[in-house]
1. Summing +1 for each Lys or Arg and -1 for each Asp or Glu, what net charge is found among the other residues whose Cβ lies under 15 Å from the Cβ of residue 64?
2. Hey, what's the per residue convex hull volume over the C-alpha atoms of the stretch 1-71, in cubic angstrom?
3. Once you list every other residue whose beta carbon is under 11 Å from the beta carbon of residue 107, what net charge do they have if Lys and Arg are +1 and Asp and Glu are -1?
4. Please report Rg (one decimal) and Dmax (integer) in Å for the Cα set of the chain.
5. With charges only on Cβ, +1 for K and R and -1 for D and E, what is the dipole size of the stretch 1-76 about its Cα centre, in debye, rounded to 20?
6. Ignoring any ligand, DNA or RNA, what whole percent of the accessible area of the stretch 1-140 comes from carbon and sulfur when the probe is 1.4 angstrom?
7. Tally Lys/Arg at +1 and Asp/Glu at -1 over every other residue whose Cβ is under 11 Å from the Cβ of residue 150; what's the total?
8. Tell me the per residue accessible area of the chain using a 1.4 Å probe; a whole number in Å² is fine.
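The values are calculated or read from the model by the stated rules, or taken from the named source; none is laboratory data. Small disclaimer: the values here were computed from a predicted structure and weren't measured. Neighbour counts are summed over all protein chains in view; Cβ atoms, including those assigned to glycine, are modelled from backbone coordinates with ideal geometry. In case anyone asks, the SASA skips ligands and DNA or RNA and just uses the protein heavy atoms, side chains included. Shrake-Rupley method; radii C 1.70, N 1.55, O 1.52, S 1.80 Å.
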Amino acid sequence: DYAQLAASGDSAQLAASGDSAQLAASGDYAQLAASGDYAQLAASGDSAQLAASGDSAQLAASGDYAQLAASGDYAQLAASGDSAQLAASGYYAKLEVNGKNSVAANIGKYGTIRAVIGSWITLAEYDDKGVCLLVKSAKVDGKKIKAETWYCLKDGEFMEVK
């Protein structure tokens, strides 16, 4: 628990299994993984791969071609580089994409997402029993789906979240 790992060279590989771990890498091709709750993972180099399976994880990548994934509830994922790929499956996850040509999928119950023009977003909608009713994707075009606006999926439609 409470591990703190950091790497500054290219191709670093960091992993932590306890709660409240903090992992950071600044070189290209870094691979970071955490399985405990409240993990914080950050990478600034290109082609980083970040994954967290515990609840309340926070993942952030600033380099191009980053791949971020979280399966725990209340995860927060953000990518600012171009061509990023983000995925979350836990309840109440939030995904934010600030790089061009990115793809983000939030298929957890009560998930929200926002992205810039040119990126693709995917959300899932569930009934009160937790059964998935619909999965829907759209390209952020600035008209039908606005840039830098939070969305959820409700009644089969993308709805702005206030």
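1. Numbers: positive: 100; negative: 10, 28, 46, 82.
Around residue 64, the surrounding residues sum to -3.
2. Roughly 49 Å³ of hull volume per residue.
3. That sum, taken over residues with Cβ under 11 Å, equals +1.
4. 15.4, 47
5. In debye, rounded to 20, the stretch 1-76 gives about 60.
6. Whole-percent figure for carbon plus sulfur exposure: 46.
7. +1
8. 50
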